[in-house]
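Peer 1: One structure follows; several queries about it will come next.
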Amino acid sequence: MAEAGGVTTESLAGDRARAARTMLDQVVLPGEELLLPEQEDAEGPGGAGERPLRLNAGTRSRGRVVCGPGLRRSGDRLLVTKCGRLRHKEPGGGGSGGGVYWVDSQQKRYVPVKGDHVIGIVTAKSGDIFKVDVGGSEPASLSYLAFEGATKRNRPNVQVGDLIYGQFVVANKDMEPEMVCIDSCGRASGMGVIGQDGLLFKVTLGLIRKLLAPDCEILQEVGKLYPLEIVFGMNGRIWVKAKTIQQTLILANILEACEHMTADQRKQIFSRLAES
Amino acid sequence: MAAERKTKLSKNLLRMKFMQRGLDSETKKQLEEEEKKIISEEHWYLDLPELKEKECFITEEQSFLLCEDLLYGRMSFRGFNPEVEKLMLQMNAKNKVEEVEDEAVELDVSDEEMARRYETLVGTIGKKFAKKRDRASYEEDENGHIKPTVKVKKMFLKPQD
């Protein structure tokens, strides 16, 4: 059954499925099929009659492969659904499982995902819940009890128009997204209402991930300029605050522009700022 | 007239409990089997060959948290918001296991010192609540620490006969 299905999808796609290993860090387009490493041996050119002996026989037993954003499972293979670069991460901690494959794509429209930390704007207050606009197809609901130290008598001080930093607990295509401002232990850990002043602006989702990468130079350089505070939401929203309005605006402009600048241009701008 | 022709009783009537008390166990069993056949024939089922679902090793996740190690979203630089800076250290340290050792050393007061303080505290506070008679029995050490004295509780002495 799976073989019959595989043949039809191949004929539809028009080209042979390629090995995921060879396509790492290359551009993939929607509709391409990728073979996982264990399947190459059976379907490679010399594999029909012979099974080459391998020293690392452990690869025969498949670990759990996770297909991340931009990929879907089709039978035993991965089907690409977004265009971008294919990435792979080896599993840490003993190598259990086959690692994670995903497509590094760029988009501006956010789709709520469970576990993501986002910045939302409170748009309505109805009874026990707040309606928070997170940039998705519908506003997320936030219960007033989902704050640290909130009880039925002790309500949190949230008004319409406030900025909220929270995470999703329910986010799928069939239900209204729900978010909370506490973690699983009941502590706020930085979530909740974001303070006064500051500036909220929107960027692409890819830039947020680039800035939040562990070795991001942009943030290190920005941090040396002057005292400031930034909050990144995975829904493409960034909130910045500095001591004066001018500094806040400079910061917002840098973050928006750094997506399209090369490293040299960036360094020039930072050196100019440091002088002034 | 009634004895010549047996009145024809309906099937449902014959199936009722009071009519079956007179029957033998064999006829009862036959009746039960017939009933079960009727019921099972009425059940719908799919006439397909048995499909075995292949064990699949691929799971789908839509979240980027698994893919990339991202830092915590709230950041503060050069002391603008001290609480957020503390939070940054905490949250980013969760990703790295090496940081755990540093945290243990950073305690303000070590456990040994706490134990020592508590030992002497008992005596000092106890002195506050002691009555005048007991205060005389409190002795002081060289360092000024109160030596806790063991108080003998005065119990009721039963008079001997």
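Peer 1: State which residue pairs qualify: first residue more than 10 Å from chain B (Cβ to nearest Cβ) and inside region A:228-244, second residue in a strand (DSSP E or B) and of a type in the set (K, R) in any location, beta carbons under 7 Å apart, and separation of 6 or more residues or different chains.
Peer 2: Between residues of region A:228-244 that are more than 10 Å from chain B (Cβ to nearest Cβ) and residues that are in a strand (DSSP E or B) and of a type in the set (K, R), the close pairs are A:G236/A:K202; A:R237/A:K202.
Peer 1: When you scan region A:71-86, how many residues do you find that are at pLDDT 90 or above and more than 7 Å from chain B (Cβ to nearest Cβ)?
Peer 2: 9
Peer 1: Given B:S76, B:S63, which one is in contact with an Asp or Glu (Cβ under 6 Å, 6 or more places away or on another chain), within 30 Å of A:K89 (Cβ to Cβ), open to solvent by less than 100 Å² (accessible area, probe 1.4 Å) and within 12 Å of chain A (Cβ to nearest Cβ)?
Peer 2: Exactly one of B:S76, B:S63 is in contact with an Asp or Glu (Cβ under 6 Å, 6 or more places away or on another chain), within 30 Å of A:K89 (Cβ to Cβ), open to solvent by less than 100 Å² (accessible area, probe 1.4 Å) and within 12 Å of chain A (Cβ to nearest Cβ), namely B:S76.
Conditions (1) more than 9 Å from chain B (Cβ to nearest Cβ); (2) over 25 Å from B:C67 (Cα atoms); (3) of a type in the set (G, A, S); (4) crowded, with 20+ Cβ neighbours inside 10 Å, marked per residue:
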site: A:M179; (1), (2), (3), (4): yes, no, no, yes
site: A:V193; (1), (2), (3), (4): yes, yes, no, no
site: A:Q196; (1), (2), (3), (4): yes, yes, no, no
site: A:K202; (1), (2), (3), (4): yes, no, no, no
site: A:G206; (1), (2), (3), (4): yes, no, yes, no
site: A:R209; (1), (2), (3), (4): no, no, no, no
site: A:E217; (1), (2), (3), (4): yes, no, no, no
site: A:Q220; (1), (2), (3), (4): yes, no, no, no
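Peer 1: Of all the residues that make up region B:79-90, how many are within 36 Å of the chain's Cα centre (by Cα) and within 7 Å of chain A (Cβ to nearest Cβ)?
Peer 2: Count: 2.
Peer 1: Could you list all residues from region B:72-101 that are among the hydrophobic types (A, V, I, L, M, F, W, C), modelled with pLDDT under 90 and in contact with a helix residue (DSSP H, G or I) (Cβ under 7 Å, 6 or more places away or on another chain)?
Peer 2: Of everything in region B:72-101, just one residue is among the hydrophobic types (A, V, I, L, M, F, W, C), modelled with pLDDT under 90 and in contact with a helix residue (DSSP H, G or I) (Cβ under 7 Å, 6 or more places away or on another chain), namely B:A93.
Peer 1: Going by the structure shown, is B:L46 assigned to a loop (DSSP other than H, G, I, E, B), modelled with pLDDT under 85 and either within 19 Å of A:G115 (Cβ to Cβ) or open to solvent by less than 70 Å² (accessible area, probe 1.4 Å) (or both)?
Peer 2: Considered against the rule, which asks whether it is assigned to a loop (DSSP other than H, G, I, E, B), modelled with pLDDT under 85 and either within 19 Å of A:G115 (Cβ to Cβ) or open to solvent by less than 70 Å² (accessible area, probe 1.4 Å) (or both), B:L46 comes out as no.
Peer 1: Let me ask you something else. Can you find, within region B:18-43, the residue that is nearest to the other protein chains (Cβ to nearest Cβ) among those that are assigned to a loop (DSSP other than H, G, I, E, B) and exposed (fewer than 12 other Cβ atoms within 10 Å of the Cβ)?
Peer 2: In this case the residue turns out to be B:H43.
Peer 1: Would you mind stating whether A:A213 is within 20 Å of A:G233 (Cα to Cα), without any contact (Cβ under 8 Å) to a residue 12 or more places away in the chain and within 11 Å of chain B (Cβ to nearest Cβ)?
Peer 2: Yes; evaluated as a whole, the condition is true for this residue.
Peer 1: When you go through (1) at pLDDT below 85; (2) within 30 Å of A:P227 (Cα to Cα) one by one for B:F129, which number turns out not to apply?
Peer 2: (2)
Peer 1: Follow-up question, since we're still on this one. Quick check: anything in region A:114-127 surrounded by fewer than 18 Cβ atoms within 10 Å (Cβ to Cβ), hydroxyl-bearing (S, T, Y), closer than 26 Å to A:V240 by Cα and modelled with pLDDT of 90 or more?
Peer 2: The answer is yes, given that some residue of region A:114-127 is surrounded by fewer than 18 Cβ atoms within 10 Å (Cβ to Cβ), hydroxyl-bearing (S, T, Y), closer than 26 Å to A:V240 by Cα and modelled with pLDDT of 90 or more.
The values are calculated or read from the model by the stated rules, or taken from the named source; none is laboratory data. Since this is a predicted model, take the numbers as computed values, not measurements. Neighbour counts are summed over all protein chains in view; Cβ atoms, including those assigned to glycine, are modelled from backbone coordinates with ideal geometry. What goes into the accessible areas is simple: the full protein's heavy atoms, side chains included, and nothing from ligands, DNA or RNA. Shrake-Rupley method; radii C 1.70, N 1.55, O 1.52, S 1.80 Å.
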